[in-house]
Amino acid sequence: MNRFLFIGLALLVACNQTPPPTAASAAKPTAPGPDLATLADSTAPAALLAYGKQYPGSEVLIKTRLGNIRVKLYDDTPIHKANFLLLARKGVFDETMFNRVVKNFAVQGGQTYGARTIRLKRYRLPPEFRAEHFHRKGALGMARYDDEQNPGHLSSNTDFYFVVGEKMAPFQSQAMAGRKLTPAQTKAYATVGGVPSLDGKYTVFGEVIEGQDVVDKISNEPVESDKWPVKDIPMKVEVVR
C-alpha cells in the first residue's frame, strides 16, 4: 500500500499550492552538457552516458532550511547518475522543493516551478535496477509513473526521493517485499530500516552519506492533506565532488 507515493508523480502537485516566486532566483552560469529541451526518452540515455564520461562527479550536496544532505551517487547506475549531475549543474533543482512528505516512509522532491524550469521537457530514464541497491533507509531513488501508463518502469527525470522507512523483523520485511530477501537485505531492514516493497520497482541510484538526520526532520514536518509540507522546504543542489 505504500506505492502510492510514487504513482502518477506528475499528478502529485497540489492544486492549492502556489508556485514560489522566481524574481529573486539567481540564474547559474550556463553549464556544459546537452540541451535539456532536446532530450527525449529515446535520446536521453546515450546523451547522458556521454555527458557522464566527459563531466564525471560522485557527490552532491542538497541544502535545505532544515540542514544539508550529502549524497553519494552510484557508478553502476550511470544514466541516473549523469542525469542528476546534469540537472544539478544546470540549476534545475534550485527552483524546486520537497513537495511530498510521508512520515516514516519517504520524502520526495524535484518538481519544477521556476520561470526557467517550468518549460523543462519531461524525458524519462530507463530503469537501472541493481540487487545490491535496495530501499534501505537513506537510499536515493527516482520516482516514476505507475505500471499501467509505464510498463517499462521508466523513471522520471526530475522527481527523486529519499527512503525513511522503519526497522522491521525479518518476517515483516519478507512479507512486505513479496520475494526472498538476501541476508544483507534482511539485516539492513532489521537494523537500519527501509521500505522493501519498493525494491525492483524504482531505481535506487545513490545514498545519504551525511545528513540523514535532516531527511528525518523533513519526514517529520507537518503536512497538508495532500502530503505537501505546511511550510515549504525549498532546496539548493550543488555537485561537490
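The values are calculated or read from the model by the stated rules, or taken from the named source; none is laboratory data. Everything numeric in this text was worked out from a predicted model, so none of it was measured. Ideal geometry is used to build each Cβ from the backbone, glycine not excepted, and the neighbour counts take in all protein chains shown.
Listed here are the residues, each with its yes/no results for (1) within 20 Å of residue 81 (Cβ to Cβ); (2) part of a loop (DSSP other than H, G, I, E, B); (3) under 17 Å from the mean Cα position of the chain (by Cα); (4) β-branched (Val, Ile, Thr).
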residue	(1), (2), (3), (4)
197	no, no, yes, no
200	yes, yes, yes, no
205	yes, no, yes, no
209	yes, no, yes, yes
214	no, no, yes, yes
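Can you tell which of 159, 94 is crowded, with 16+ Cβ neighbours inside 10 Å, assigned to a strand (DSSP E or B) and in contact with a strand residue (DSSP E or B) (Cβ under 8 Å, 6 or more places away or on another chain)?
Being crowded, with 16+ Cβ neighbours inside 10 Å, assigned to a strand (DSSP E or B) and in contact with a strand residue (DSSP E or B) (Cβ under 8 Å, 6 or more places away or on another chain) holds for just one of 159, 94, which is 159.
From the list 105, 84, 93, 98, exactly one residue is aromatic (Phe, Trp, Tyr), more than 27 Å from residue 224 (Cβ to Cβ) and either under 16 Å from the mean Cα position of the chain (by Cα) or modelled with pLDDT under 95 (or both). Which is it?
84
Give the residue, chosen from 40, 31, 24, that is at pLDDT below 90, loosely packed, with under 14 Cβ neighbours inside 10 Å and more than 14 Å from the chain's Cα centre (by Cα).
24
Test residue 171 against the stated conditions and say whether it is surrounded by fewer than 24 Cβ atoms within 10 Å (Cβ to Cβ), of a type in the set (Phe, Trp, Tyr) and under 16 Å from the mean Cα position of the chain (by Cα).
No; evaluated as a whole, the condition is false for this residue.
Filter region 136-153 down to residues that are assigned to a loop (DSSP other than H, G, I, E, B) and at pLDDT 95 or above and give me whichever is nearest to the chain's Cα centre (by Cα).
That would be 138.
If you check residue 222 against the conditions, is it loosely packed, with under 14 Cβ neighbours inside 10 Å and either hydrophobic (A, V, I, L, M, F, W, C) or more than 18 Å from residue 130 (Cβ to Cβ) (or both)?
yes
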